[in-house]
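Enquirer: Have a look at this one before I ask anything.
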Amino acid sequence: MTLATLAEVLQPALKNGYAVGGLVTLGWEDMRAYVAAAEAENVPVILQAGPSCREHTPLPILGKMFRHLAENASVPVVAHLDHGYTLEECQIALDSGFTSLMFDGSRKPLLQNIEETAAVVELAHGAGISCEGEIGFVGYSGGAQSAGTDPEEAARFARETAVDAMAISVGNVHLKQNRDGELDEARIRAIEAVTHVPLVIHGGSGVPKAQREALARNSAICKFNIGTELRMVFGEALRSAVNRDPDRFDRVQILKDTHQPITDAAREVLREISKCPT
Ligand SMILES: [Zn+2]
């Protein structure tokens, strides 16, 4: 049984200079491969169920899948709700066995974001689990524009909500398919100077590899959310598995061919960000 809360994996990461992968899952095939990758690298992993994952599979099922994987894993596994938009959704995730809730009030005015996030933190902490909030707004490639995190607002948000982790907007963008999204290090330094809460980068796929690795070691960024780059590997592996043999129709047989490529790609990501500096 290695089910862990977000705080249980991020506090050691903050202290020892590494980051934990918040890997975006869409189904059994990728979540299973991510845990295999974390075990092979002997590092913790955060399995994340975001809005599109929940649209496909209900939260109570996802909670069972995450917990089953965690219970049989040799490394700490966090069952994390990504971008919960309402208290009700967070409550359902809690009731479904999740050990970490992200409440995203980043589109709302500051005071409302603080108030609503604090309520989710209270819910989470009352049940012995963790909560991540977002301050500033992380935009979407081809969609909504970002609003950079103001360090003073971040300090206030951390203080008044008591979140266990804080997602910040420092040049990162969701859903990027290339790595030209260099992060604003001056802004990261200004934020970590005024708060001790572990920081989270959403849109980690778009960050240049070398910068991602360096920041994992030498900043308060303790969690990189990685979705798009792994989804691209999965999509490519699935397409080639389907095309490999036109007579093959059994989907379990086809999906088996995606396991190794997605495991290898996740191992590489985790190896880069989660190794303790030696
Ligand atoms: Zn996100």
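Enquirer: With each run of n ≥ 4 DSSP H residues scored as -39500 (n - 2.57), what mean residue ellipticity at 222 nm is computed for the chain after dividing by its residue count and rounding to the nearest 500 deg cm²/dmol? Each step should come with its number before you reach the end.
Expert: Numbers: 11 runs with 140 residues, N = 278.
The helix-only estimate for the chain comes to -16000 deg cm²/dmol at 222 nm.
Enquirer: Across the stretch 42-58, in residue order, what do the Karplus-derived ³J(HN,Hα) couplings come to in whole Hz, using 6.51 cos²θ - 1.76 cosθ + 1.60 with θ = phi - 60° and x for Gly and Pro?
Expert: After applying 6.51 cos²θ - 1.76 cosθ + 1.60, I find 6, 9, x, 9, 10, 8, 10, 10, x, x, 6, 5, 6, 5, 8, 10, x Hz.
Enquirer: What do you get for chymotrypsin sites (Phe, Trp or Tyr not before Pro) in the stretch 206-278 restricted to DSSP loop and a cutoff of at most 15 other Cβ within 10 Å of the site's Cβ?
Expert: Hits after loop and neighbour filter: F249.
Enquirer: Taking the DSSP beta bridges in the stretch 3-274 as the whole, what percent of them are antiparallel, to the nearest 5?
Expert: Details: 1 of 33 bridges.
Approximately 5 percent, going by the DSSP bridge assignments.
Enquirer: Starting from the Cα of K15, draw a straight line to each of the lysines and keep only those under 29 Å, dropping any in the same chain fewer than 8 residues away.
Expert: K209, K223, K275
Enquirer: With bins 10 Å wide starting at 0, give me the P(r) of the chain over every alpha carbon pair, in whole percents.
Expert: Cα pair-distance distribution for the chain, in percent: 7, 31, 38, 19, 4, 1, 0.
Enquirer: So if I place +1 on the C-beta of Lys and Arg and -1 on the C-beta of Asp and Glu, and nothing else carries charge, what would the dipole magnitude of the stretch 166-278 be about its Cα centre? I want it in debye, nearest 20.
Expert: Working: 17 positive and 15 negative charges, 36 e Å.
The calculation lands at about 180 debye.
Enquirer: Given the options V78, V242, V194, which has the most mean-square fluctuation in a GNM of the chain, springs set between C-alpha atoms less than 10 angstrom apart?
Expert: The residue that fluctuates most here is V242.
Coordinate-derived values only; no laboratory data. This structure is a prediction, so every number in the text was calculated from the model and none was measured. FYI the Cβ positions are ideal-geometry reconstructions off the backbone, even for glycines, and counts take in every protein chain you see.
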